[in-house]
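**Q** Sharing a structure below in structure tokens format, with a few things to ask.
Derivation of every value follows stated rules applied to the coordinates shown; laboratory data play no part. Since this is a predicted model, take the numbers as computed values, not measurements.
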Amino acid sequence: MSGVPIESIALHIVRHLVRGLGKTQGQGASIQSLRHWWVMSLGQRNENLELGLEYAGRCQWVERGADNIILLTTLGSERGGASG
């Protein structure tokens, strides 16, 4: 995903939370498990994950919860479930 816009990375993360993990508003996953999926399963760079999470946070698709948990917001749940 090198050279891919940060918005696309953020969308990929949010879609993984919704479609891949079945999460809905207020639910989420640990940064550690997301990092494992991103780096180990997809072979992507950790820096891109961090940039994508930062972008998703600015768009209010996710928020950081306690204990390094990334939680979906209403917008993130809708965005992650959208086709495309």
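**Q** For the chain, set up a GNM with springs between Cα atoms under 10 Å and report which of 45, 64, 15 has the largest fluctuation.
**A** Highest fluctuation of the listed residues: 45.
**Q** Right, something else. Can you list, bin by bin at 10 Å, the percent of alpha carbon pairs in the chain, starting at 0?
**A** Reading the bins upward from 0: 20, 58, 21, 0.
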